[in-house]
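Asks: Here it is, the structure in full.
The values are calculated or read from the model by the stated rules, or taken from the named source; none is laboratory data. A quick note: this is a predicted structure, and the numbers were derived from the prediction, not measured. Virtual Cβ from ideal backbone geometry, glycine too; neighbours counted across all protein chains shown. Just so you know, the surface numbers come from the protein's heavy atoms only, side chains and all, with ligands and any DNA or RNA stripped out. Shrake-Rupley method; radii C 1.70, N 1.55, O 1.52, S 1.80 Å.
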Amino acid sequence: MKPIHQTHTSLPLSSEPRVHASSHVTNSFAGEWTSIGPTNHIIESRIGDYTYTMDDVTINYTEVGKFTSIASHVCINPVDHPMDRVTQHHMTYRGASYGLSETNDEEIFNWRRGNRVTIGHDVWIGHGATVMKGVHIGTGAVVGSGAIVTRDVAPYTVVVGVPARPIKQRFSQEIIDALFQIAWWDWPRELIQERFLELNDITSFVKKYA
């Protein structure tokens, strides 16, 4: 994993993370062949190899696996406000910014950090979806456009709606088990290059490598 820095987006992808100059990234890391799109906001997150985001994506306190596809206007782990105080306004924990205290309330930020989202490998999160705090999305899952995910999503499961609910598995359980056995997402790049064209045929792929 490498720290994320802004780069020129006209260049082809490489082992160095590519981040659009309009994005704001804080204390985050990304793997090789990653791409962060325009006007993203990413805070204290880790992004696996080959994962990409499109425009206007927000990611807070999240672990994202490899080969994950994140569409535009997705929000992952929107931060909570303390509802048990007299006011929910963030001046109560950002008092220094308002000249109301000498320091900010780190307890709130640590509370947010403790509710991380985890996303597996080869996940597809559709346009405008929201993934709420503490949720785990399993490898190979699909989150439909506009869905609000409030509960964990099983591997290779498609979820849609508000709140998100499962509607089907992408493959039979036998194939899912085989894919976990193969764990192609952990293959070195040389092996992916060698077997690249085989990724399009699930039946022959599983039969050959499981």
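Asks: Here is a list of conditions, (1) touching a helix residue (DSSP H, G or I) at 6+ places or on another chain (Cβ under 6 Å); (2) not in a loop (DSSP other than H, G, I, E, B), and residue 67 meets all of them except one; can you say which number that is?
Replies: That leaves (2) as the condition not met.
Asks: Quick check on region 8-31: of everything there that is open to solvent by 80 Å² or more (accessible area, probe 1.4 Å) and more than 13 Å from residue 57 (Cβ to Cβ), which residue is modelled with the highest pLDDT?
Replies: First pass over region 8-31, keeping only residues open to solvent by 80 Å² or more (accessible area, probe 1.4 Å): 8, 10-12, 16, 24, 27.
Narrowing further to those that are more than 13 Å from residue 57 (Cβ to Cβ): 8, 10-12, 16, 27.
Details: 8: 46, 10: 52, 11: 59, 12: 79, 16: 89, 27: 94.
Across region 8-31, the extreme among qualifying residues is 27.
Asks: For the structure I just gave you, tell me whether residue 110 is at pLDDT below 95 and in a loop (DSSP other than H, G, I, E, B). Walk me through it before giving the result.
Replies: Details: at pLDDT below 95: yes; in a loop (DSSP other than H, G, I, E, B): no.
For residue 110, the condition - at pLDDT below 95 and in a loop (DSSP other than H, G, I, E, B) - is not met.
Asks: Here is a follow-up. Residue by residue through region 82-117, note down the ones that are touching a strand residue (DSSP E or B) at 6+ places or on another chain (Cβ under 8 Å) and either open to solvent by less than 50 Å² (accessible area, probe 1.4 Å) or at positive phi (or both).
Replies: 112, 117
Asks: Can you tell me which residue within region 50-64, out of those that are open to solvent by less than 40 Å² (accessible area, probe 1.4 Å) and part of a loop (DSSP other than H, G, I, E, B), is nearest to residue 21 (Cα to Cα)?
Replies: The qualifying residue nearest to residue 21 (Cα to Cα) is 57.
Asks: Okay, moving on. Count, please, the residues in region 163-202 that happen to be farther than 17 Å from residue 50 by Cβ, in a helix (DSSP H, G or I) and open to solvent by less than 50 Å² (accessible area, probe 1.4 Å).
Replies: Residues that pass the stated criteria total 3.
Asks: Output the qualifying pairs, or none if there are none: Cβ atoms under 7 angstrom, residues six or more apart or on different chains, first residue in region 149-166 and on the phi > 0 side of the Ramachandran plot, second residue not in a strand (DSSP E or B).
Replies: Going by the 7 Å Cβ cut-off, the qualifying pairs are 156/140; 156/141; 156/170; 156/171; 156/176; 161/147.
Asks: Could I ask something else about it? Taking the condition of being assigned to a loop (DSSP other than H, G, I, E, B), among the aliphatic types (A, V, I, L, M) and crowded, with 19+ Cβ neighbours inside 10 Å, how many residues in region 142-158 meet it?
Replies: As a first pass, look at region 142-158 and keep what is assigned to a loop (DSSP other than H, G, I, E, B): 144-147, 150-152, 154-156.
From what is left, the residues that are among the aliphatic types (A, V, I, L, M) are 147, 154.
Add one more test, that the residue is crowded, with 19+ Cβ neighbours inside 10 Å, and what stays is 147.
Residues meeting the conditions: 1.
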